[in-house]
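First the structure, in the form of structure tokens, and then the observations on it.
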Amino acid sequence: MDQAWIPLLLSLKVAGLATLLVLLAGTALGFLLARRPFPGREVLDALCTLPMVLPPTVLGYYLLVLLGRRGALGGFLDRTFGIQLIFTWQGAVIAASIVSFPLALKAARAAFEQVDPQYERAARTLGVSDLGVFFRVTLPLAWRGILAGTLLAFARALGEFGATLMVAGSIPGRTQTLSVAVYEAVQAGQDGLATTLVIVTSTTCLLVLLVAARLLRGHDARSAGREPWP
């Protein structure tokens, strides 16, 4: 049974940390793209969405080039701090973050774009600062959409395989996540273990998707005016 629980716990840790990163970065960038017109805005949006459509192996290769000992970031971290990200669970977090980031970004941008600017202007006329408007008006009105996107990002990070395998490898107990463990079990002919891992992964992702769908329905209902704001 440990063969199923250890990859599950590692996957939850990796997906949880990756989700926290994409929540913060996706919310900030989503607000910027939704509220601050600037030259090249759609180009930036396309670049940030690219991990959603790139083959995982291509994305994994880019990460290897960037994070490897000879890479720009990996070489700097190794020389300066002695930090190596390749074949570590931290590398798996980075891979999961990059792959799941577009889901959080797209949801956050859409949620902010659906917030009526009149509420924000009304708050400013009452003397509320821009930071106060964001935390007291904009974010409370957009939180359902942001949270739904975050849950989708968590599900994507939990099931990430290709980029994670290339960057973090498959070291049991250290970098072997659920999806990688399924692949290894199938390759080793351990059908029983593979079935258990598949059921655990599918059930977890299904629950996350159901919660995200419920939040999105609530967000759409509020945006359409079918529910009063609290």
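The values are calculated or read from the model by the stated rules, or taken from the named source; none is laboratory data. From a predicted model like this one, the values you see are computed outputs, not experimental measurements. Backbone-built Cβ (ideal geometry, glycine too); neighbour counts: all protein chains shown. When the accessible area is computed, the model is the full protein with side chains, heavy atoms only, and any ligands, DNA or RNA have been set aside. Shrake-Rupley method; radii C 1.70, N 1.55, O 1.52, S 1.80 Å.
Look at segment 201-226: where a residue is farther than 16 Å from ARG156 by Cβ and among the small types (Gly, Ala, Ser) and a partner is at pLDDT 55 or above and open to solvent by 30 Å² or more (accessible area, probe 1.4 Å), sitting 6+ places away or on another chain with Cβ atoms under 8 Å, you get GLY218/ARG144; SER223/GLN114. Checked against the criteria, GLY16 counts as touching a residue at least 24 places away in the same chain (Cβ under 8 Å), within 15 Å of LEU158 (Cβ to Cβ) and within 16 Å of the chain's Cα centre (by Cα). If you go through segment 160-181 and pick out every residue that is open to solvent by less than 30 Å² (accessible area, probe 1.4 Å) and assigned to a helix (DSSP H, G or I), you end up with 9.
Of all residues in segment 13-31 being of a type outside the set (Gly, Ala, Ser) and surrounded by fewer than 16 Cβ atoms within 10 Å (Cβ to Cβ), which is nearest to ALA194 (Cα to Cα)? This residue is LYS13. Does segment 128-147 include one or more residues that are without any contact (Cβ under 8 Å) to a residue 40 or more places away in the chain, farther than 25 Å from LEU207 by Cβ and part of a loop (DSSP other than H, G, I, E, B)? Looking through segment 128-147, at least one residue is without any contact (Cβ under 8 Å) to a residue 40 or more places away in the chain, farther than 25 Å from LEU207 by Cβ and part of a loop (DSSP other than H, G, I, E, B). Could you say which residue among ARG144, ARG121 is open to solvent by 20 Å² or more (accessible area, probe 1.4 Å) and touching a Leu at 6+ places or on another chain (Cβ under 8 Å)? Only one candidate qualifies: ARG144. Figure legend. Inter-residue proximity from segment 29-55: first residues more than 9 Å from LEU105 (Cβ to Cβ), second residues part of a helix (DSSP H, G or I) and open to solvent by 70 Å² or more (accessible area, probe 1.4 Å), beta-carbon distance below 6 Å, spacing 6+ or different chains. Indicated pairs: ALA34/GLU113. Looking only at residues in segment 56-71 that are in contact (Cβ under 8 Å) with a residue 40 or more places away in the chain and open to solvent by less than 20 Å² (accessible area, probe 1.4 Å), the one that is nearest to GLY169 (Cα to Cα) is GLY60. Residues in segment 112-127 that are within 23 Å of the chain's Cα centre (by Cα), polar (S, T, N, Q) and in a helix (DSSP H, G or I): there are none.
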